[in-house]
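Visitor: Mind having a look at this structure? Questions to follow.
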Amino acid sequence: MVKKNDGRTAVVFDSGIGGLNVLRACALHYPQLKYIYAADNYRVPYGNRSGEEVFALASAVLDGAMSYRPDAVVIACNTVTAECISELRRRYPIPVIGMQPAVKPAAKFGGKCLVLATAATANSLNFKNLLSKYYPEAEVFASQELADYIEKNVFSLPETLPKDLLPDGNFDAAVLGCTHYMFAAKQISRRYSCQIFDGAEGTAARLGEILGISDHQAIKSGKTDHAGALSVDISFYGGNVDKNSAIFKQIFV
Ligand code: DGL
């Protein structure tokens, strides 16, 4: 059993359920923090909205979450990061950690690569710069529907996703450039028989680095202790609190 929190709080934010995958990684590595999962499920998807709209929606939720007096905010959403991370950093006087599609590790892996992202992320300047710097050969699929489909069907995702939600082709690797897609990682990997890359672990590591805290997973490596034995202080704020906490219980094992 791991000790209770060290007195510091991190808000983990996403439009909907996607960021729960990032929260999971953060909680497993840094159970000493207290977490607030902030979401906006009734306005998903953000990925088909303008930058101004995304900023207005995200900051409305985050303004409320500031009442928890967090020490850091994790934007567990590629779309919000792509659209308005600079504006959010200007608005909140604490570290605001963003996430970008895991193009860099995929480029190291090499081969034919597919980057899946929301339309907002795929069309953003931040993402275009990232791609041209690290993996200009990668193929990008901008999806208007996949995040929403996963948000609605997360409790009963089929073994094979509807065909029109993913592009045809053969790929060695797929980058899940939207945190919602992590719930369909198995289906996507099976569809292309490919390696999957996502940004959850990297984002969690950045949180630990920014707060200067030790990584519980690294400390316990080699021991039989497992995640189920962790005691982490997590609260849910905004959006569909019952849905988010139910899903988190399912994946936090
Ligand atoms: N989970 C968000 C992301 O990582 C997007 C979902 C949405 O479109 O709201 O991009």
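What follows draws every value from the coordinates through simple rules; no lab data is involved. Predicted model only: the values in this text are computed from it and were never measured. As a convention, Cβ positions derive from the backbone with ideal geometry for all residues, glycine included, and neighbour counts pool all protein chains shown.
Visitor: Testing Ser86 on (1) within 12 Å of the ligand (Cβ to nearest atom); (2) free of Cβ contacts under 8 Å to residues at least 40 places away in the same chain, one condition comes back false. Which one is that?
Guide: (1)
Visitor: If you don't mind, another one. Restricting attention to region 35-53, does a residue exist that is away from the ligand (no atom under 14 Å from the Cβ) and touching a residue at least 40 places away in the same chain (Cβ under 8 Å)? Before the answer, list the steps.
Guide: The initial filter retains those residues of region 35-53 that are away from the ligand (no atom under 14 Å from the Cβ), namely 35-36, 52.
Subsequent filtering for residues that are touching a residue at least 40 places away in the same chain (Cβ under 8 Å) retains 35-36.
Looking for residues that are away from the ligand (no atom under 14 Å from the Cβ) and touching a residue at least 40 places away in the same chain (Cβ under 8 Å), one finds at least one in region 35-53, hence yes.
Visitor: Name, by its number, the condition in (1) more than 28 Å from Lys243 (Cα to Cα); (2) acidic (Asp, Glu); (3) in a helix (DSSP H, G or I) that does not hold for Asp63.
Guide: (1)
Visitor: Next up: For the list (1) in contact (Cβ under 8 Å) with a residue 60 or more places away in the chain; (2) away from the ligand (no atom under 13 Å from the Cβ); (3) within 19 Å of Asn21 (Cα to Cα), I need the number of the one condition that Cys77 fails.
Guide: (2)
Visitor: Here's a follow-up. Filter region 43-75 down to residues that are within 20 Å of Ala147 (Cα to Cα) and of a type in the set (S, T, N, Q) and give me whichever is surrounded by the most Cβ atoms within 10 Å (Cβ to Cβ).
Guide: Once the filter is applied, the top-ranked residue is Asn48.
Visitor: Hey, could you check region 124-148 for residues that are among the charged types (D, E, K, R) and touching a residue at least 12 places away in the same chain (Cβ under 8 Å) and say which is farthest from the ligand (Cβ to nearest atom)?
Guide: Just the residues of region 124-148 that are among the charged types (D, E, K, R), to begin with: 128, 133, 137, 139, 145, 148.
This time we only want the ones that are touching a residue at least 12 places away in the same chain (Cβ under 8 Å), so: 137, 139, 145, 148.
Numbers: Glu137: 23, Glu139: 18, Glu145: 10, Asp148: 7 Å.
Applying the filter and picking the extreme gives Glu137.
Visitor: So which residues in region 162-188 are within 16 Å of the ligand (Cβ to nearest atom), over 16 Å from Gly16 (Cα atoms) and without any contact (Cβ under 8 Å) to a residue 40 or more places away in the chain?
Guide: Answer for region 162-188, where residues must be within 16 Å of the ligand (Cβ to nearest atom), over 16 Å from Gly16 (Cα atoms) and without any contact (Cβ under 8 Å) to a residue 40 or more places away in the chain: Leu165, Ala185.
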